[in-house]
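Data first, discussion second: the structure below is written as structure tokens.
The values are calculated or read from the model by the stated rules, or taken from the named source; none is laboratory data. This is a predicted model, so every value here is computed, not measured. A quick note on method: Cβ atoms are made from the backbone with ideal geometry, for glycine too, and the neighbour counts reach across all protein chains shown. The protein model used for the area step is the full one, side chains on, heavy atoms only, and it has no ligands, DNA or RNA in it. Shrake-Rupley method; radii C 1.70, N 1.55, O 1.52, S 1.80 Å.
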Amino acid sequence: MIEYVVLAGGVVGVGWLVRRKHRARVATAPVPGIPGMARQPAGAGRWRPGRLYADAGAARWVPQRGEAVELPGGRASGLRVPSFKEGISINPGSRIVTCSYDGGGSIEIAVMPLDVRELLEALPQPD
């Protein structure tokens with residue numbers, strides 16, 4: 001009988017902690033930028049996590065570690081699903097947008113399907 005009382009107290013305590021953590025997350029403001037993973041140049045290198053910011057029409061990729069990559073005149077040139085091999089290192093449900101920018105550079109950015117529209121607004125497709 002004592003075990004049940006202790007178990008019930010533990011469940012109530014864990015529930016209280018989880019609810020408190022959830023309320024703290026809801027109370028914070030949303031983080032700016034589009035979360036995702038990128039590799040540069042497109043088709044080579046490692047996938048690195050970070051965020052894409054589109055401030056005043058000038059897009060830039062900011063990795064979690066390292067220097068930001070400016071994307072002057074960035075254009076989305078392709079949209080595809082990850083291959084099996086890519087799906088191992090990134091989320092297989094994501095979408096990969098290939099972007100080219102002035103200066104001949106290219107970058108691939110993998111985002112979740114709900115973020116694709118926002119990414120394409122930040123990096124318009126060529127006509």
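So the values come out like this:
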item: Choice from 44, 27, 58 showing the highest fluctuation, given a GNM over the chain with Cα pairs closer than 10 Å; result: 27
item: Residue 115 accessible area, assembled protein chains, probe 1.4 Å, Å²; result: 40
item: Contour minus Cα-Cα distance for residue 11 and residue 81 (0.36 nm per residue); result: 21.0 nm
item: From phi via Karplus (6.51, -1.76, 1.60), per-residue ³J(HN,Hα) for segment 78-83 in Hz, x at Gly/Pro; result: x, 9, 8, 8, x, 6
item: Theoretical gain in end-to-end length, residue 22 to residue 120 [0.36 nm per residue, Cα-Cα removed]; result: 32.2 nm
item: Largest to smallest accessible area among 98, 28 [probe 1.4 Å]; result: 28, 98
item: Cα long-axis angle, helix 2-27 against the chain (0 to 90 degrees, to the nearest 10); result: 30
item: Sparsely packed GluC sites (Glu not before Pro) within segment 27-127, loop by DSSP, other Cβ within 10 Å at most 14; result: 67
item: In segment 29-121, the trypsin sites (Lys or Arg not before Pro) that fall in loop regions by DSSP, at most 15 other Cβ within 10 Å; result: 46, 65
item: Under Karplus coefficients 6.51, -1.76 and 1.60, residue-wise ³J(HN,Hα) of segment 90-99 in Hz, glycine/proline x; result: 10, 5, x, x, 7, 10, 10, 10, 8, 10
item: Mean Cα-pair separation over length for the chain, i.e. relative contact order, pairs under 8 Å, 6 or more apart, %; result: 22
item: Sequence-distant residues sharing a close amide H with residue 42 (under 5 Å, placed H); result: 106, 107, 108
item: Carbon plus sulfur fraction of accessible area for the chain, probe 1.4 Å, in percent; result: 60
item: Against the rule of thumb 2.2 N^0.38 Å, how large the Cα Rg of the chain comes out; result: 1.47
